[in-house]
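A short reminder: the numbers here are calculations on the coordinates, not readings from a lab. Quantities reported herein were computed from a predicted structural model and do not represent experimental measurements. Reconstructed Cβ throughout: ideal geometry from the backbone, glycine too, with neighbour counts over all protein chains shown.
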Amino acid sequence: MARLLITGGAGFIGSHTCVVLLNAGHDLVIVDSFANSSPIATARVANISGLTPNQEKERLVIIEGDIRDEGALSSIFENATKQNQPIEGVIHLAGLKSVMESITQPLKYWDVNVNGSRCLLSIMEAHNCRTIVFSSSATIYGNPESFPIAEVDPIQPINPYGATKAAVESMLSNLQGNKAIWHIACLRYFNPVGAHPSGLIGEDPKNIPNNLFPLVCQVAIDRRKLLNVFGGDWPTPDGTCIRDYIHIMDLAEGHLAAINSLLRKESNYLTLNIGTGKGYSVLEIINEFEKTSGEKIAYKIVNRRDGDTAISLADPSQANKKISWRATRNIEDICRDSWNWQRLNPTGFTMDKVI
Ligand code: UFG
């Protein structure tokens, strides 16, 4: 078992990944700016993982900080070494993730996502830690011509967010040219959704959500009147876009499989799609959600959203082959766990949040 640094460990993907890593016996140091996440999430991670206060001090250290702060990052590595528990690997999830915001504020995205990753990598190198799992995204494929999408398909991002993810992948692949051996995994997530089955952690967007699942949940719980379905004239069987929705716990288990494989030094460089290989249209999701939750989802078909693509569907076979991972949860599990989280936390982590 290893001591791992999790950047962005309090976020949606981070909190679920921490639960899975702790359960597997890894000890964690989280660094998170809390710009888009809540400290309540990390307290609940400790709760789900059954950590006593003493175990928590040793196994789940939480540091508020920014990955662009080289001094702060350096101290984390130095302190861990002083305690005789050096950081052996990093799961790098910290970053900005709104496609729309990246279009209006591209420099902010290049700074946080690319410069932040560069800072992290240089501090890792200085402390002789060369094992990293990076959160990449299927968005780097842009508008692919054929489906399912394989890792060898062309990288052609169509928005600044995607461009920053592709740039970090390039930076990581350049490190392979170094004499010193790095162990790197780039995980290209498709559409992460769902929540921990306990309902204690889940997705909690700070502002008005852009993504389908948080919006469906908020309509179901009457926080919003209506879901706008973006486009009914796409070249798909029912005219709405198809996505590969992956349960957040499956995604979290993908991180565990990847870091364990790197720590065992089974490979130096992995680029893996993390998806299910099964696609659902927006109308199919509404239908499944209504069945599972028993709630009606009012919706209206409106114009297409800029930047959307008709279909996004993973070929996840490489992840199965290289790290023996595959998604085991289905769309019903996704809808049930999303709804459970929303029902138990109608306003997310902040109970007094104004809607
Ligand atoms: N959708 C609606 N109405 C909404 C929101 C979404 O109809 O109010 C539709 C979209 O048009 C799309 C589908 O629901 O067809 C999924 O949309 P999301 O916004 O949930 O997800 P995206 O596929 O657009 O993007 C997600 C992540 C990105 C990531 C990308 C990877 O949000 O960060 O997957 O391909 F880059």
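For the stretch 82-209, list log₁₀ I(q)/I(0) at each q in 0.11, 0.16, 0.20, 0.22 Å⁻¹, using the Debye formula over Cα point scatterers of equal strength and ignoring solvent, two decimals each. For the stretch 82-209, the Cα-only Debye profile gives -0.47, -0.93, -1.24, -1.33.
Would you list 278, 82 from fewest to most Cβ contacts within 10 Å? Write down the numbers at each step before the final one.
Working: 278 16, 82 9.
Fewest-to-most ranking of 278, 82: 82, 278.
If you bin all the Cα-Cα distances of the stretch 211-355 at 10 Å, starting from zero, the percentages per bin are 11, 33, 31, 19, 6, 0. The stretch 298-355 gives an Rg/Rh value of 1.11, both radii derived from C-alpha positions and Rh following Kirkwood. What the phi angles of the stretch 247-260 give under the Karplus curve with 6.51, -1.76 and 1.60, with θ = phi - 60°, is a coupling list of 5, 4, 6, 5, 4, 4, 5, x, 5, 4, 4, 5, 5, 5 Hz, glycine and proline written as x. Looking at the P(r) of the stretch 1-42, how many percent of alpha-carbon pairs lie beyond 16 Å? Result for the distance tail: 26 percent.
If I take all pairs of Cα atoms in the stretch 3-344, what percentage of them are more than 33 Å from each other?
Working: 13676 of 58311 pairs.
Of the Cα pairs, 23 percent sit more than 33 Å apart.
Just so you know, the Cα atoms of the stretch 82-143 work out to an Rg and Dmax of 14.4, 48 Å. Rg and Dmax of the stretch 144-272, based on Cα coordinates, read 18.3, 58 Å. Per the Debye calculation on the stretch 244-291 with a single equal scatterer at every Cα and no solvent contribution, log₁₀ I(q)/I(0) for q = 0.20, 0.26, 0.30, 0.33 Å⁻¹ amounts to -0.75, -0.99, -1.10, -1.16. For the stretch 100-115, the Karplus equation 6.51 cos²θ - 1.76 cosθ + 1.60, evaluated at θ = phi - 60°, returns couplings of 4, 5, 5, 6, 7, 10, x, 5, 4, 5, 5, 5, 5, 6, 8, 5 Hz by residue, with Gly and Pro reported as x. Here the sum of -39500 (n - 2.57) over DSSP H runs of 4 or more residues, divided by the residues of the chain, equals -11500 deg cm²/dmol at 222 nm, to the nearest 500.
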